[in-house]
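The values are calculated or read from the model by the stated rules, or taken from the named source; none is laboratory data. Computed from a predicted model, the values in this text were never measured in an experiment. A quick note on method: Cβ atoms are made from the backbone with ideal geometry, for glycine too, and the neighbour counts reach across all protein chains shown.
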Amino acid sequence: MPQPLDYLKETPSQTAGPYVHIGLAPGAAGFQIYGRELGHEIAAPEVPGERIRVEGVVFDGTGAPVRDAMIEVWQADAAGIHPHPEDPRHADCAPGFRGWGRVIPDFETGLWAFDTIKPGVVAGRMGRPLAPHISLWIVARGINIGLATRMYFDDEDNSADPVLALIEQVHRRGTLIARKTAPGLYRFDIRLQGEGETVFLDV
Amino acid sequence: MKPAEFHQRDRLWHPPAHHPNYKTSVSRSPRQALLSLEGSLSEITGPTFGHNDIDPIDNDLIRNFAKSGDPVGERIIVHGRVLDENRRPVPRTLVEIWQANASGRYRHKKDTYLGALDPNFGGCGRTLTDETGYYFFRTIKPGAYPWRNWINNWRPAHIHVSVFGSAFSQRLITQMYFEGDPLIAQCPIVQTIPDPRAIDQLIAPLDMNAAIPLDCLAYRFDIVLRGRRSTLFENRLEGN
Ligand SMILES: [Fe+3]
């Protein structure tokens with residue numbers, strides 16, 4: 001018998017359920033409890049960069065909007081820096097830039113939106129830069145483990161992005177690219193299943 | 001800290017996206033394979049939280065919403081450590097919980113269960129782990145509640161738990177169950193997890209050593225997040 005390996009196993013995931021808002025966005029659940037809810041401001045007003053709004057709907061496999069989801073976003077600032085000690089340039093990250101937010105769809109229509117600044121190019125592996133992108137993580141009733149994806153921008157040069165290039169079915173790359181619909185406004189729908197299914201990531 | 005990647009997530013330990021006995025998952029599960037990536041800066045970083053973000057009372061669900069007195073129900077402590085797969089504590093990480101009250105009713109505009117709302121119970125709390133990864137909450141033991149799946153499905157008593165870790169790729173939401181609950185074995189959501197040992201990881205034992213005599217019982221719930229490799233990126237990050 002070889003020596004046993006001394007690793008623990010990751011705690012298994014369970015669905016966030018229909019009432020995820022109570023814990024993570026109680027205002028959306030219908031009550032106030034905390035001095036400050038987290039995740040409302042991704043970039044404070046003084047943060048430099050192009051102010052943008054991103055909106056969309058999460059659709060299920062039947063084409064119905066997923067109205068009880070919770071989406072978290074994570075991104076770099078306009079210079080491509082993450083406010084985190086493991087970003088080698090984090091000391092230069094814009095003050096007031098949190099980079100993280102929580103997004104709750106309208107319970108009737110499923111439409112969600114968040115305001116932020118457009119992220120910059122992020123340093124990637126092997127010196128290959130990552131085109132500007134926002135990471136998203138989606139949980140909801142019926143989602144057993146949070147779904148990770150990325151949103152790119154259709155008015156940026158995505159041609160050399162190493163992650164998009166990994167998607168073997170070229171026609172699916174577009175599922176990760178938000179469409180500019182007006183100045184400062186982007187549309188990014190997420191399809192959980194079926195026709196036009198969004199590419200989800202194992203990161 | 002130096003950039004290092006996380007262990008690959010063991011997707012066979014977690015529930016599969018699609019599980020026919022948990023009906024809502026049928027139309028909310030991707031059919032295509034996930035795209036597996038090596039970690040980049042976007043994943044090995046993640047949001048950080050500090051004591052400015054929360055208030056000390058936020059981890060006391062018996063008091064954080066109370067209006068006219070204490071909530072009804074069995075008073076309990078839920079406590080434990082957040083560790084990674086390498087058994088290292090995860091300090092200063094945000095732990096958020098939410099739950100039904102003792103009647104099995106949630107304070108949510110979409111919950112219409114006939115169990116009574118408790119005017120003194122909100123049902124959510126949050127805290128930061130300390131330097132050793134330790135956290136604790138004081139709360140009320142939640143009640144079981146029925147849900148529409150098969151017509152007579154009941155959720156075992158459970159507390160929903162959200163944890164961040166230090167990187168966005170460690171992000172995790174799960175549920176904690178209580179030792180000895182016969183509904184665990186019957187729950188379609190619990191049973192989406194294929195390995196019984198993984199289910200056991202979600203069952204908090206009664207912890208009499210942490211109970212406060214004449215006041216409240218205690219349950220212990222340790223949480224394990226993905227560990228990271230001890231080796232650095234072989235392909236260095238540009239700008240490093
Ligand atoms: Fe629940």
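Odds and ends about this structure:
- Tally, over the stretch A:108-125, of residues that are more than 7 Å from chain B (Cβ to nearest Cβ) and part of a loop (DSSP other than H, G, I, E, B): 7
- Residue within the stretch B:32-39 that is among the acidic types (Asp, Glu) and crowded, with 18+ Cβ neighbours inside 10 Å present: no
Conditions (1) touching a Ser or Thr at 6+ places or on another chain (Cβ under 7 Å); (2) on the phi > 0 side of the Ramachandran plot; (3) surrounded by fewer than 22 Cβ atoms within 10 Å (Cβ to Cβ), marked per residue:
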residue: A:12; (1), (2), (3): yes, no, no
residue: A:17; (1), (2), (3): no, yes, no
residue: A:27; (1), (2), (3): no, no, yes
residue: A:32; (1), (2), (3): no, no, yes
residue: A:38; (1), (2), (3): no, no, yes
residue: A:46; (1), (2), (3): no, no, yes
residue: A:85; (1), (2), (3): no, no, yes
residue: A:89; (1), (2), (3): no, no, yes
residue: A:96; (1), (2), (3): no, yes, yes
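- Scanning the stretch A:21-45 for residues that are at the interface with another protein chain (Cβ under 7 Å from one of its Cβ atoms), within 16 Å of the ligand (Cβ to nearest atom) and of a type in the set (A, V, I, L, M, F, W, C) yields a total of 3.
- Residue pairs meeting the criteria (Cβ under 6 Å; at least 6 apart or on separate chains; first more than 7 Å from every other protein chain (Cβ to nearest Cβ), in the stretch B:28-47; second at pLDDT 95 or above): none
- In the stretch B:166-188, the residues that are more than 8 Å from chain A (Cβ to nearest Cβ), without any contact (Cβ under 8 Å) to a residue 60 or more places away in the chain and not polar (S, T, N, Q): B:177, B:178, B:179, B:180, B:181, B:182, B:183, B:184, B:185, B:187
- Pairing each residue of the stretch A:76-87 that is at the interface with another protein chain (Cβ under 7 Å from one of its Cβ atoms) and within 16 Å of residue A:52 (Cβ to Cβ) with any residue that is among the polar types (S, T, N, Q) and in a loop (DSSP other than H, G, I, E, B), provided the two are 6+ apart or on different chains, yields no C-beta distance under 8 Å.
- Of the residues in the stretch A:99-111, at least one is in contact with a Lys or Arg (Cβ under 9 Å, 6 or more places away or on another chain) and either of a type in the set (Gly, Ala, Ser) or crowded, with 16+ Cβ neighbours inside 10 Å (or both).
- Pairs linking a residue in the stretch B:144-165 that is more than 11 Å from every other protein chain (Cβ to nearest Cβ) to a residue that is among the basic types (Lys, Arg) and away from the ligand (no atom under 11 Å from the Cβ), with Cβ atoms under 7 Å and 6 or more positions apart or on different chains, are B:157/B:141.
- Filtering the stretch B:134-181 to residues that are within 14 Å of residue B:78 (Cβ to Cβ), within 16 Å of the ligand (Cβ to nearest atom) and assigned to a loop (DSSP other than H, G, I, E, B) leaves B:141, B:142, B:157.
- Test for residue A:141: is it part of a loop (DSSP other than H, G, I, E, B), over 20 Å from residue A:55 (Cα atoms) and at pLDDT 95 or above: yes
- Search result, residues across the stretch B:189-217 that are under 18 Å from the mean Cα position of the chain (by Cα), assigned to a loop (DSSP other than H, G, I, E, B) and within 14 Å of chain A (Cβ to nearest Cβ): B:189, B:193, B:201, B:202
For every residue, the table says whether it meets (1) buried (at least 20 other Cβ atoms within 10 Å of the Cβ); (2) within 14 Å of the chain's Cα centre (by Cα); (3) within 13 Å of the ligand (Cβ to nearest atom).
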site: B:84; (1), (2), (3): yes, no, no
site: B:88; (1), (2), (3): no, no, no
site: B:94; (1), (2), (3): yes, yes, no
site: B:99; (1), (2), (3): yes, yes, yes
site: B:104; (1), (2), (3): yes, no, yes
site: B:107; (1), (2), (3): yes, no, yes
site: B:115; (1), (2), (3): no, no, yes
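A quick yes/no check of all residues on (1) hydrophobic (A, V, I, L, M, F, W, C); (2) within 12 Å of chain A (Cβ to nearest Cβ); (3) free of Cβ contacts under 8 Å to residues at least 40 places away in the same chain:
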{"residue": "B:62", "(1), (2), (3)": "yes, no, no"}
{"residue": "B:71", "(1), (2), (3)": "no, no, no"}
{"residue": "B:102", "(1), (2), (3)": "yes, no, no"}
{"residue": "B:117", "(1), (2), (3)": "yes, yes, yes"}
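- Count - residues of the stretch A:167-203 that are modelled with pLDDT of 95 or more and either within 12 Å of another protein chain (Cβ to nearest Cβ) or assigned to a helix (DSSP H, G or I) (or both): 23
- Index of the failed condition, residue A:175 passing every other in (1) surrounded by fewer than 21 Cβ atoms within 10 Å (Cβ to Cβ); (2) in contact (Cβ under 8 Å) with a residue 60 or more places away in the chain: (2)
- Of the criteria (1) surrounded by 16 or more Cβ atoms within 10 Å (Cβ to Cβ); (2) on the phi < 0 side of the Ramachandran plot, which one residue B:23 fails: (1)
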